[in-house]
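Below: one structure, written as structure tokens.
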Amino acid sequence: MAVELLSNVADHASLPSSYVRPESQRPRLEEVITDATIPTIDLTSLNVVAQVAHACSSYGFFQVVNHGVEVELMREMMEVALEFFRLPAEEKAKHYSDDPAKKMRLSTSFNIKKETLRNWRDYLRLHCYPLEEFAPAWPSNPPSFKEVVSRYCREVRRLGMRILRAISLSLELEEDYLVKVLGEQEQHMAINHYPKCPEPELTFGLQAHTDPNALTILLQDPTVAGLQVLKDGQWIAVNPQPNALVINIGDQLQALSNGRYKSVWHRAVVNKDKGRTSVATFLCPCNDVIINPPEKLIADGSSAMYRSYTYDEYYKKFWSRNLDDVHCLELFQS
Ligand code: OGA
Ligand code: NI
């Protein structure tokens, strides 16, 4: 099965037909806005909460700087990710699986069993919390993998909690509201690798989707662009910014904020002469948590936009589908 990994081939001469999107679904790269910017928030500034409120309600995406995750650790994390995908095919084959229920697996595209067309991506998906439970089973090659990724996971979790507190305040809720309501959150990681692609205008690294979890923190290769977000019907490039991390609202924060904050569509495109790597950290509500907007957000007479559900139910629904054009949350409207 592992022969399916894109990263096992050094140079792909042509794009296999299973990756070619029909004309109406191609990325139209020439129409992407490359000189606009999503907000950048310096977490040491005085009015962080107001900036978070603006970024979450207008974009659903922002970058953070002075975020407390050491720059050297970000570099090490990126390096170990690159090294992993450079390993020989036999070594990577040990971790290969298409089963989304596995707590550690290497796969390709998005959801091989459900999709009809492929995405130009390989990815390693790890459950990361609690670390003591999962890290021992992670790859032991590259030799520094477990140690570096564990340190990164700890720091990034701390940042995630800090951002959830700022988001609570920005919704005029108690500072700990979201952290409490989301429970002992799971933490998943996707180490994405998008190799050089012979025909980037015909395919995606990761087609448009919203993230099913609560909050996502993305570390991007500082030298290659690829992430794009949808804003007012147009795709905007999220250009990497030195030492920054990208934050986005996931479906669960859209539901918990009763639609005030949007889990926006985003996608990754690929490049002809450069591969790109990214590391996404997903904070996910505890499986049995019931997702419901706080009383305070519906007290003005507005009704709940979504019916109550458990995260377990939502997550199963998400992985039972392809990434198609309906927002998963729409299936939960009340
Ligand atoms: C994701 C994602 C974007 C990227 O993994 O959910 O949106 O730039 N990744 O890799
Ligand atoms: Ni995403």
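The values are calculated or read from the model by the stated rules, or taken from the named source; none is laboratory data. Quick caveat: nothing in here was measured; it's all calculated off a predicted structure. Ideal geometry is used to build each Cβ from the backbone, glycine not excepted, and the neighbour counts take in all protein chains shown. For accessibility, only protein heavy atoms count, side chains too; no ligands or nucleic acids. Shrake-Rupley method; radii C 1.70, N 1.55, O 1.52, S 1.80 Å.
Here are a few things to note about the model shown:
- Subset tally (residues that are surrounded by 15 or more Cβ atoms within 10 Å (Cβ to Cβ) and in contact with a helix residue (DSSP H, G or I) (Cβ under 7 Å, 6 or more places away or on another chain)) for region 62-97: 12
- Screening region 98-124 for residues that are basic (Lys, Arg) and open to solvent by less than 30 Å² (accessible area, probe 1.4 Å) and picking the one that is farthest from Ser150 (Cα to Cα) gives Arg121.
- Restricting region 246-270 to residues that are more than 12 Å from ligand 1 (Cβ to nearest atom) and basic (Lys, Arg), the residue that is farthest from Glu172 (Cα to Cα): Lys262
- Looking only at residues in region 276-292 that are in a strand (DSSP E or B) and away from ligand 1 (no atom under 13 Å from the Cβ), the one that is surrounded by the fewest Cβ atoms within 10 Å (Cβ to Cβ) is Ile290.
- If the condition is being away from ligand 2 (no atom under 12 Å from the Cβ), closer than 15 Å to Leu218 by Cα and touching a residue at least 24 places away in the same chain (Cβ under 8 Å), then region 238-278 contributes Asn239, Gln241, Asn243, Ala244, Leu245, Arg276, Thr277.
- Residue in region 267-289 that is among the hydrophobic types (A, V, I, L, M, F, W, C) and more than 19 Å from the chain's Cα centre (by Cα) present: yes
- Single unsatisfied condition, Ala225 versus (1) of a type outside the set (Lys, Arg); (2) more than 16 Å from ligand 2 (Cβ to nearest atom); (3) closer than 15 Å to Gln63 by Cβ; (4) surrounded by fewer than 19 Cβ atoms within 10 Å (Cβ to Cβ): (2)
- Cross-chain or 6+ apart pairs with Cβ under 9 Å, region 213-235 first and in contact (Cβ under 8 Å) with a residue 40 or more places away in the chain, then within 14 Å of ligand 2 (Cβ to nearest atom) and of a type in the set (Asp, Glu): Asn213/Asp251; Ala214/Asp251
- Scoring Gln234 on the criteria (1) open to solvent by less than 10 Å² (accessible area, probe 1.4 Å); (2) away from ligand 2 (no atom under 15 Å from the Cβ) leaves a single failure, condition (1).
- Within region 29-41, the set of residues being open to solvent by 50 Å² or more (accessible area, probe 1.4 Å) and in contact with a helix residue (DSSP H, G or I) (Cβ under 8 Å, 6 or more places away or on another chain) comprises just one member, Leu29.
- Among all residues of region 192-204, there is none that is within 16 Å of ligand 2 (Cβ to nearest atom) and either small (Gly, Ala, Ser) or surrounded by fewer than 23 Cβ atoms within 10 Å (Cβ to Cβ) (or both).
- All of Ser7, Ser24, Ser18 fail the test of being part of a helix (DSSP H, G or I) and without any contact (Cβ under 8 Å) to a residue 60 or more places away in the chain, apart from Ser24.
- Filtered residues of region 293-312 (kept if without any contact (Cβ under 8 Å) to a residue 24 or more places away in the chain and surrounded by 14 or more Cβ atoms within 10 Å (Cβ to Cβ)): Tyr309, Thr310
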